[in-house]
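Reviewing the structure listed below.
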Amino acid sequence: MKMQILEMFYLLTIITIIHELGHFLVAKYFGFNVKEFSIGSGPEIFGQKIRDTKIVLNLALPFGGHISVDFEVTKFKQMDDRRLVGIIFTSLA
């Protein structure tokens, strides 16, 4: 029984990472600055800055995760169709 609970937490953590990675990759594809990639919720237990993105592991795994995207900072200077599509796809990914 305990092993099944641990396996469930492990699986949920993997699913959360894959889900948030989808948002991350779409945001990067459209040229947005991703400030933070976070897995879990609650207090931070690990953080590492890689290039412009802080990778964070929080205490309460596997419950939640998020990416923090700066939709204003992008390689596009103006609001064009590609940037608008990028915002929509990043949110829906």
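Share of carbon and sulfur in the accessible area of the chain stands at 66%, probe radius 1.4 Å.
The phi torsions of segment 61-67, fed into the Karplus equation with coefficients 6.51, -1.76 and 1.60 and a -60° offset, translate into couplings of 8, x, 7, x, x, 7, 10 Hz, rounded to whole numbers, with Gly and Pro shown as x. The local environment of Ile67, defined by Cβ-Cβ distances under 9 Å, has a net charge of -1 under the rule Lys, Arg +1 and Asp, Glu -1.
The alpha-carbon positions of segment 1-42 define a convex hull whose volume is 49 Å³ per residue. Remark: segment 31-73 projects, on average over all directions, an area of 3.0 nm² (convex hull of Cα atoms). In the chain, Cα pairs under 8 Å separated by at least six residues give a relative contact order of 32 percent.
With the gyration tensor restricted to C-alpha atoms of the chain, the semi-axes of the equivalent ellipsoid amount to 30, 15, 8 Å, longest first. Estimated from helical segments only, the mean residue ellipticity of the chain at 222 nm is -15000 deg cm²/dmol, where each DSSP H run of four or more residues counts as -39500 (n - 2.57).
Compared with the dominant Cα axis of the chain, that is its longest principal axis, helix 81-92 is turned about 10°.
Between Leu57 and Arg82, the FRET efficiency estimated from the beta carbon spacing at R0 = 41 angstrom works out to 0.80. Based on protein heavy atoms only, segment 1-66 ends up with 68 Å² per residue of surface accessible to a 1.4 Å probe. Backbone amide hydrogens, once placed in the peptide plane, bring Phe71 within less than 5 Å of nothing, excluding anything fewer than 5 places away on its chain. Residues with beta-carbon under 12 Å from that of Lys49, excluding Lys49: net charge, scoring Lys, Arg +1 and Asp, Glu -1? Counting the neighbours of Lys49, the net charge comes to +1.
The values are calculated or read from the model by the stated rules, or taken from the named source; none is laboratory data. What you are looking at is a predicted structure, and each value in this text was computed from that prediction instead of being measured. Neighbour counts are summed over all protein chains in view; Cβ atoms, including those assigned to glycine, are modelled from backbone coordinates with ideal geometry. The area values use the complete protein model at the heavy-atom level, side chains included, leaving out ligands, DNA and RNA. Shrake-Rupley method; radii C 1.70, N 1.55, O 1.52, S 1.80 Å.
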